[in-house]
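Some notes on the structure that comes next.
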Amino acid sequence: MPQDLIFAPMGALALLTFTVLGLIPARRFRAAFAGQVAADDFKFGESGRVPGAVSIPNRNYMNLLEIPLLFYVAGVMYYVAGKVDGMVVAVAWTYVALRALHSLIHLTYNNVFHRLTVFALSNFVLMAFWLLFFVR
């Protein structure tokens, strides 16, 4: 199996991260033009005046920069070690799909129980991704 197939799910997760990054200024500017926030509301992060719909993309973006770092590291480990196979690629895409679903829930209707369930599943898949590397 071509080892570089592992880069497709990694690239997809990076694309999701950049997409969410783009939502941050879009929602902030929209809120500023609507008079909901002022520049000082972001001087030291986000003040209590910032509406949830404006702050959620920033929180989701931070989520995409935290534990997914372990996904990128493991993906490179698989590539360097020459251990990429069909199972590895399937697990990688499963992780990316769960992270995308988590972002979709978080950025739309934001049901905490749905979001937590998907987030937890994605973390279990990531643990399996790491375990699979060392078992093989």
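For segment 44-136, what does the relative contact order come out to in percent, with C-alpha contacts under 8 Å and a separation of six or more? Spell out each step's value before the answer.
On the way: 43 pairs, mean separation 33.5, N = 93.
Here the relative contact order equals 36 percent.
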(message) Please list 3J(HN,Hα) in residue order for segment 12-29, calculated via the Karplus relation 6.51 cos²θ - 1.76 cosθ + 1.60 where θ = phi - 60°; whole Hz, with x for glycine and proline.
(response) 5, 5, 5, 4, 4, 4, 5, 5, 5, 4, x, 6, 4, x, 4, 6, 5, 5
(request) Pop a pseudo-label 7 angstrom from the Cα along the beta-carbon direction at both VAL76 and ALA26 and give the gap in nm to one decimal. (result) 2.9
(request) Choose one of SER103, MET87, LEU65: the residue whose Cα lies farthest towards the positive end of the charge dipole of the chain (beta-carbon charges +1 Lys, Arg; -1 Asp, Glu; about the Cα centre). (result) SER103
(message) Using each residue's phi in segment 60-69, evaluate 6.51 cos²θ - 1.76 cosθ + 1.60 at θ = phi - 60° and report the 3J(HN,Hα) Karplus result to the nearest Hz, with x for Gly and Pro.
(response) 5, 4, 4, 4, 6, 9, 8, 5, x, 4
(message) How compact is segment 36-112 by the rule of thumb for globular proteins, expressed as Cα Rg over 2.2 N^0.38 Å?
(response) 1.50
(request) Please check which bits of segment 62-104 a label hung off TRP130 would reach, taking the label as a point 7 Å along Cα-to-C-beta and the cut-off as backbone N under 15 Å. (result) 66-78
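Extension gain ASP40-MET62, at 0.36 nm per residue separation less the Cα-Cα distance, in nm? Don't skip to the answer; put the middle values down first.
Working: separation 22, 0.36 × 22 = 7.92 nm, distance 2.10 nm.
Result: 5.8 nm gained on full extension.
Per DSSP H run of at least 4 residues, take -39500 (n - 2.57); add these up for the chain, divide by its residues and hand me the 222 nm value, nearest 500 deg cm²/dmol.
On the way: 5 runs with 101 residues, N = 136.
Taken over the chain, the calculation gives -25500 deg cm²/dmol.
Here, each number is a calculation from the coordinates, and none is a lab measurement. Nothing here was measured: the structure is a model prediction, and the numbers come from that model. Counting neighbours? That spans all protein chains shown, and the Cβs are built from the backbone with ideal geometry, glycine included.
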